[in-house]
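The values are calculated or read from the model by the stated rules, or taken from the named source; none is laboratory data. Bear in mind that the values here come from a model prediction, so they are computed numbers and not experimental data. Cβ placement follows ideal geometry from the backbone for every residue including glycine, while neighbour counts extend to all protein chains displayed.
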Amino acid sequence: MDFDRLKKFIDEQDIKLDKLYNNFDNDQQKKNLAYAVKLTEEVGELSDEILAYNSFQRQEKLDVKGKDDLGDEFADVMLVLLLLMKNMDIDMEKVLNKKMAKLEKRK
């Protein structure tokens, strides 16, 4: 996967979600807040999977966990984060390259 394919996918999902949620009533702040709340929800689900991965859950919860659930939750967090970044006009490739360059300079 490359950045161009990922950006195209995010753009397509954003359009799809606009249609699904009635264009968030043409309110960008409402849309940003909705994505931020969704991100929080997805981080909570990821946290649950991390607990299960490390066997820090009740046995009945561990019994229903699937093998792919952890990876799926990481992907959910990333996709919602990218949707939020797009809607807040943050160029993911630019900021990631900038951050990576900064980290590479550290000793």
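Annotations
- When residue 32 is tested against (1) surrounded by fewer than 16 Cβ atoms within 10 Å (Cβ to Cβ); (2) more than 16 Å from residue 10 (Cα to Cα), only condition (2) is not met.
Yes or no, residue by residue, for (1) surrounded by fewer than 12 Cβ atoms within 10 Å (Cβ to Cβ); (2) in contact (Cβ under 8 Å) with a residue 24 or more places away in the chain; (3) not polar (S, T, N, Q):
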residue	(1), (2), (3)
63	yes, no, yes
66	yes, no, yes
69	no, no, yes
74	no, yes, yes
80	no, yes, yes
85	no, no, yes
103	yes, no, yes
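- Any hit, the stretch 36-43, residues being in contact (Cβ under 8 Å) with a residue 40 or more places away in the chain, out of contact with any His (no Cβ under 8 Å at 6 or more places or on another chain) and among the hydrophobic types (A, V, I, L, M, F, W, C): yes
- Selected residue (criterion: nearest to residue 41 (Cα to Cα)) from residues of the stretch 61-75 that are at pLDDT 85 or above and charged (D, E, K, R): 73
- Candidates 1, 92, 85 - the one that is modelled with pLDDT under 95 and under 13 Å from the mean Cα position of the chain (by Cα): 92
- Counted residues, the stretch 41-92 - those being farther than 24 Å from residue 9 by Cβ and of a type outside the set (Lys, Arg): 15
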